[in-house]
């Protein structure tokens, strides 16, 4: 998964750089390359990245529940 993410990131950066290069050279396809790279980044790369980062973690640890609020209050009182 890590290799796939790095490869996708390099592809996105390459497309984006090439799009800006074409845009600077006043070629008509520059904006298309920029748009495709943004779409790939938003709809392909981002879900893979989020899945990779959240795999094996519990959402309960990151939400405010009554139990977590009590833990926060107890830790603040000890200080």
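Across all Cα atoms of the chain, the radius of gyration (one decimal) and Dmax (whole number) stand at 21.0, 64 Å. Ordered by the number of other Cβ atoms lying within 10 Å of each residue's own Cβ, fewest first, 67, 31 fall into the sequence 67, 31.
Only the coordinates and a few stated rules stand behind these numbers; no lab work does. What you are looking at is a predicted structure, and each value in this text was computed from that prediction instead of being measured. Cβ sites come from the backbone with ideal geometry, for glycine too, and all protein chains shown count toward neighbours.
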